[in-house]
1. All but one of (1) touching a helix residue (DSSP H, G or I) at 6+ places or on another chain (Cβ under 8 Å); (2) under 19 Å from residue 55 (Cβ atoms) hold for residue 243, so report the exception by its number.
2. Pull up the stretch 78-112, narrow it to residues that are part of a strand (DSSP E or B) and out of contact with any strand residue (DSSP E or B) (no Cβ under 6 Å at 6 or more places or on another chain), then point me to the one that is modelled with the highest pLDDT.
3. For the stretch 115-200, please list each of the strands (runs of 3 or more DSSP E) lying entirely inside it that holds at least 3 residues being in the same structural domain as residue 105 (by TED's automatic domain parsing) and modelled with pLDDT of 70 or more.
């Protein structure tokens, strides 16, 4: 299976977890959610972000045999082997269906609808107008509801990632990589100086307790930035709270 960076646009979707056989004996149940689906003719199948699966407690099913995930040039990506998939009830406007999605790390994307999905529906896509049409007969026979035309919305800028870089800018793709954006910018003649007040005494602020997930994420971030040289250990008696804000609202 593979992913590529061309021929893609975004659609808003809503989804509902399909039946979890363990829910009857567990207090943990999957939650409905919404997000942005990337229509990508260069992706081989349907992929869902592993963070979505974790955040909304979707029931994962194990593949009989793990599969490797590669980009279009054949190189394996950091996501490594694909070992699980989930079954969700996917709704794009009035178009509704049940789909299986491989659980992978797809960066900032919530859902990727690739060639397998495109072949199944064979929608008429206008790449310039960012719209598609679900034609019969497949959708009228196999999908719960059909909507003739679905138009793309404009996703938040936060959704945009290197994988969405237009092909004409591919020669500059390297400057968007983690290695390039991690170091601090070099000193320049126009550096802004922070002038400290002489004899000023910092004020103590409240420190808020963190949950297990927030504490783990904070430790990972601090460790990563220490190793990159972006921060250094402090012996100051003062401290500031760290505030976590959720990226998406639960449907």
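The values are calculated or read from the model by the stated rules, or taken from the named source; none is laboratory data. All values reported here derive from a predicted model rather than from experimental measurement. Here the Cβ positions follow ideal geometry from the backbone for every residue, glycine too, while neighbour counts run over all protein chains shown.
1. (1)
2. Among those that are part of a strand (DSSP E or B) and out of contact with any strand residue (DSSP E or B) (no Cβ under 6 Å at 6 or more places or on another chain), it is 95.
3. 124-126, 131-133
Okay, residues lined up against (1) over 12 Å from residue 109 (Cα atoms); (2) touching a strand residue (DSSP E or B) at 6+ places or on another chain (Cβ under 6 Å); (3) at pLDDT 80 or above:
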{"position": "1", "(1), (2), (3)": "yes, yes, no"}
{"position": "5", "(1), (2), (3)": "yes, no, no"}
{"position": "11", "(1), (2), (3)": "no, yes, no"}
{"position": "21", "(1), (2), (3)": "yes, no, no"}
{"position": "26", "(1), (2), (3)": "yes, no, no"}
{"position": "30", "(1), (2), (3)": "yes, yes, no"}
{"position": "47", "(1), (2), (3)": "no, yes, yes"}
